[in-house]
Amino acid sequence: MFNKINFFSSFDVLHASLPPGNYFLLIADKTPLEKAHFENNFNVVGALFPRIIYENESYENGIIVAQLNENTYMQIIPNINDTSKLYLTEDIKSLFLIIDGLSPKCDTFLESLYSLLPEKTKIIGSGAGKHNLQHEPVIFDGKTFYQDRAIIIYSEDSIGIGIKHGFEPLVKPLIATETEMHCLKKINFRNAFALYKEAIEKNSQHCLTTVNFNQIANHYPFGVFHFGKDYSVRSPIKTDGENLFLMGNIDQNSIMAILHSTPEQLIAAADCATQKACEHKESPLHNICVVECISRYLFLGDRFKEELIAIHNHFQHTVPSWGMLSISQIANPNEENIQLYNKTCIIGAF
């Protein structure tokens, strides 16, 4: 899918270094960007992320440049509400997807996209966005930024995928008895914030308020139950004192749990995801893509580098690892459908 992976500290350095070709750019959202940085001989798409990953480090400034190989094609979907103009050939084996992570139509778009894909296509990707979680233009085509768009990169090459989050149930079972898209209004027929606050305070040393909500809620996400499978994690990102607003939609009557974890469990999960990706890779390994949730970085703090080292230790130093700390994560476990994840480590072996 990708020929070469390079890291650049600024667009000025990048502009002087790239030969003509097709490129996908991961841009850390504090990187200065000017419209004049590209000439007409560059075919570029890209997106903004809270941080980017290269080898064993993460960066709040910089650009990762992935050059597409001859078997790989890219396009921007101008409106994620409309997939009618999306054309995908039947020989696609893998798809790399970047979507506006704060668009309210993410889940609907993923369902529509999956219906258009050839059977057994493997998918990896993430939701783009800024650290401030404000819905702003984050998809880039070399000229300007856009909202509510998606980048599709598809290839005839096979990939291996591993998925693991490392959280486990703390309080269960719970039922989402009233929801509206990403707004969780009632849990077990009670005010969502009140029940969530009560559960956390009963099972921890924390006193949860609307003021410290983000700091504490980062450690206690919701997990949506799937029979015979791992929980899908949904992060609470804000509250109005009554409702909880999640990163991603939540279906009414979903069976849930409040989850928790430790640094050791998160690091072990990343190690496990990497091992699974390697096992599922059917051809020689060229590079490793790490799709991580920015909240894992905030959870682990100084120990986040241990997670990157655990991933990188599976490969020879000649195999580059790269990726993003994202708003959400995307993959299709067992090739069944496309799922949107939070707080999850997804590894793509290219």
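Read-outs throughout are calculated quantities, based only on the coordinates presented, and are distinct from any laboratory measurement. Quick caveat: nothing in here was measured; it's all calculated off a predicted structure. Here the Cβ is made from the backbone with ideal geometry for all residues, glycine too, and neighbour counts use every protein chain on show.
Would you mind classifying segment 274-350 by shape? Square roots of the alpha carbon gyration tensor eigenvalues, ordered a ≥ b ≥ c; an a/c under 1.5 is rounded, otherwise it is prolate if a/b is larger than b/c and oblate if not.
Verdict is oblate for segment 274-350.
For segment 156-311, take every pair of Cα atoms, bin their distances at 5 Å starting from 0, and report each bin as a whole percent.
Calculated over all Cα pairs of segment 156-311, the distribution is 2, 9, 17, 19, 18, 14, 10, 6, 3, 2, 0 percent.
Of the GluC sites (Glu not before Pro) in segment 276-344, which ones lie in a loop per DSSP and count no more than 15 other C-beta atoms within 10 Å?
GLU282, GLU336
Hey, got the dipole for segment 168-260? About the Cα centre, +1 on K and R Cβ, -1 on D and E Cβ, debye to the nearest 20? Walk me through the numbers on the way to the answer.
On the way: 9 positive and 9 negative charges, 18 e Å.
For this selection, approximately 80 debye.
Given the Cα atoms of the chain, and with Rh set as the inverse mean 1/r over their pairs in the Kirkwood sense, what is Rg to Rh to two decimals?
Taking Rh as the inverse mean 1/r over Cα pairs, Rg/Rh reads 0.96.
With a cut-off of 8 Å between alpha carbons and a minimum separation of six or more residues, what is the relative contact order of segment 168-260 in percent?
Relative contact order here is 43 percent.
Filter the GluC sites (Glu not before Pro) in segment 68-168 to those in DSSP coil with at most 13 other Cβ atoms within 10 Å of their Cβ, and list the result. Don't skip to the answer; put the middle values down first.
Values: sites: GLU70, GLU90, GLU111, GLU119, GLU156; in loops: GLU70, GLU90, GLU119, GLU156.
Filter output for segment 68-168: GLU70, GLU90, GLU119.
Sorted by mean Cβ packing within 10 Å, highest first, what order do the peptides 199-207, 226-234 take?
Highest to lowest by the protection proxy: 226-234, 199-207.
About the Cα centre of the chain, what is the dipole size in debye to 20, counting +1 per Lys and Arg Cβ and -1 per Asp and Glu Cβ, all else neutral?
It works out to roughly 580 debye.
Give a residue-ordered list of calculated ³J(HN,Hα) values for segment 247-255 (Karplus: 6.51 cos²θ - 1.76 cosθ + 1.60, θ = phi - 60°; whole Hz; x for Gly, Pro).
Each residue of segment 247-255 in turn: 7, x, 6, 10, 6, 5, 6, 4, 8 Hz.
Out of every Cα pair in segment 39-106, what percent are spaced more than 15 Å from each other?
More than 15 Å apart: 69 percent of the Cα pairs in segment 39-106.
Alpha carbon centre of segment 299-350 versus segment 57-102: separation in Å?
Distance between centres, Cα-based: 17 Å.
As an exercise, use a Förster radius of 35 Å and the Cβ-Cβ distance of LEU86 and ILE255 to find the FRET efficiency, rounded to the nearest 0.05.
E(calc), rounded to 0.05, equals 0.55.
Quick one: which of LYS4/LYS122; LYS30/LYS93; LYS122/LYS229; LYS30/LYS186 span more than 28 angstrom between C-alpha atoms?
LYS30/LYS93; LYS30/LYS186, as the Cα separations exceed 28 Å there.
Provide, as a two-decimal number, the C-alpha radius of gyration of segment 168-260 over 2.2 N^0.38 Å, N being how many residues it has.
Numbers: Rg = 11.8 Å, N = 93, 2.2 N^0.38 = 12.3 Å.
Normalised by 2.2 N^0.38 Å, the Cα Rg of segment 168-260 equals 0.96.
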